[in-house]
Amino acid sequence: MLRVLFGILGSAASLATAADEVARYDDWSERELALIQSLSLESLGPLPPDPSNAYADDPDAAALGERIFFDPRFSANGKVSCSTCHRPDYGFSDPNARSVGIGVTERRSMPIVGMAYQTWFAWDGGNDSLWSQSLEPFENPVEHGFSRIQVAQTIAQHYGEDYQEVFGPLPAPDKLEATVVGPNGDNAHEIAAWKDLSASSQQQIVGVFVNIGKALAAYLRRLQPERSAFDHYAEALRGGPKGDLNTLTASQKAGLRLFLNQGSCVNCHNGPLFTNGEFHSVGLLRIDAPDQGRATVIDTLPANEFGFFSIWSDADPSIDGSHLKYMDRRPSRFRVSFKTPSLRGVATRPPYMHAGQFSSLSEVLSHYRAFSGTALADENFHADLSAKGALQIEAFLQSLDPIVEP
């Protein structure tokens, strides 16, 4: 009887200890609670408008854009679609260190969920709208290897009726008979042939090309992040009906605490998408010196043919485009700087960094710990993390994986 009694008392003590442990990890300061809620999807808000794209919220444009996104006919070899490098089953990224289209690219594909809330696009922010970013891969020789006139021809052949329901008439057939590639090819003969087209023909072809970018953007801006265990935990902290404090483990809660405090991760990975959408140097100079990132595009942004303030944009320069008007224009400030990616779903889509330099999150965190405290680390503050702390942060990042809602 005594053994049974002591066993019962021992079990009760263990349960009490476990409860105390859970309570300890759920004891957040007001600041921490506010930060947790700011990271929750509950804080994301409705889709913001895109003044540069008059078709951004047109459901027919989005439906057309979705079909084009998955269509490999918009490539030189008929095998590469947008979804080749932005796979829905891989967080709209892909598992390659450097993405593979017609050839091998210099960087890996960025995840594109939640892009409607961003102002700069690609690892270097070389495009200032989602529709202009959507156009770039078509004419890149190692991505789609296509041209603007080939895009227009493919639309006329396979999507003519759907296109015209959204955007109006296509150019006359004779305008689309040219076999020239366009102004961005490598072949001098093809470039000369493009220049020989009348200004009217060029403008009509480019108009179709631009509209396809806007249709793709109308689809892409609807790709929203899914709720995660972290979001359920945040809901529990605010007393929501679906919340459960046990959706995060003790290790994940410890990692969250480090993420918000000593680890300083929230400095750059903030907001409900876990990114500030800006550009930072993370110590890759020693690993990937040739790619200077944001520094290479600062001077080219104003001259972008399809820029936010170009003739093809629907924005009003007098009231729109604050991200361009007030951008930091110092290339030296952004040497070897790359855009902060969203951490939502990050554990499910290795490798990491702009060229897939690291194959695991533990490698990334080890790099940050080694990089912090060096002369290159003016934006990195992870040196004080212990090996255990890095493991706890990695555990927390796994709580950002999307979960299937009941």
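The values are calculated or read from the model by the stated rules, or taken from the named source; none is laboratory data. Note that the structure is a prediction, hence the values are computed from the model and not measured. With ideal geometry, Cβ positions are generated from the backbone for all residues, glycine too; neighbour counts draw on all protein chains shown. All accessible areas refer to the heavy atoms of the entire protein, side chains included, with ligands and DNA or RNA removed. Shrake-Rupley method; radii C 1.70, N 1.55, O 1.52, S 1.80 Å.
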Problem set entry | Between segment 206-240 and segment 38-102, the Cα center-to-center distance that results, in Å | 10 Å
For this session: Write down the accessible area per residue of the chain in Å², having rolled a 1.4 Å probe over the full set of protein chains.
Result: 46 Å²
For this session: Pick out which of Thr154, Thr249, Thr300 has the largest mean-square fluctuation in a Gaussian network model of the chain, springs linking Cα atoms closer than 10 Å.
Result: Thr300
Seminar exercise, completed: To the nearest 10 degrees, the tilt of helix 30-39 (Cα long axis) against the first principal axis of the alpha carbons of the chain is 40 degrees
For this session: Could you work out how far the C-alpha centroid of segment 158-176 sits from that of segment 338-366, in angstrom?
Result: 41 Å
Exercise. Pairs of lysine in the chain with Cα under 30 Å and at least 8 positions apart or on different chains: total?
Worked result: 14
Problem set entry | Average Cα contact separation per residue, the chain, under 8 Å, 6 or more apart, as relative contact order % | 21 percent
Exercise. Which value, in debye to the nearest 20, describes the size of the charge dipole of the chain about its Cα centre when Lys and Arg Cβ atoms bear +1, Asp and Glu Cβ atoms bear -1, and nothing else is charged?
Worked result: 1100 debye
For this session: Would you pull out the residues with amide H under 5 Å of Ser93's amide H, same chain only if 5 or more places away, H placed 1.01 Å from N?
Result: Arg87
Problem set entry | Check: segment 284-345 dipole with +1 on Lys, Arg Cβ and -1 on Asp, Glu Cβ, in debye | 460 debye
Exercise. Phe358's amide H: which non-local residues (gap 5+, or another chain) put their own amide H closer than 5 Å, with H modeled 1.01 Å from N in plane and none for Pro or chain starts?
Worked result: Tyr352
Exercise. What's the carbon and sulfur percent of the chain's accessible surface, probe 1.4 angstrom, rounded to a whole number?
Worked result: 55 percent
For this session: Would you mind working out the magnitude of the charge dipole of segment 155-277 relative to its Cα centre, with +1 at each Lys and Arg C-beta and -1 at each Asp and Glu C-beta, to the nearest 20 Debye?
Result: 860 debye
Seminar exercise, completed: Helix-only [θ] at 222 nm, the chain, -39500 (n - 2.57) per DSSP H run of 4+, per residue, nearest 500, equals -11500 deg cm²/dmol
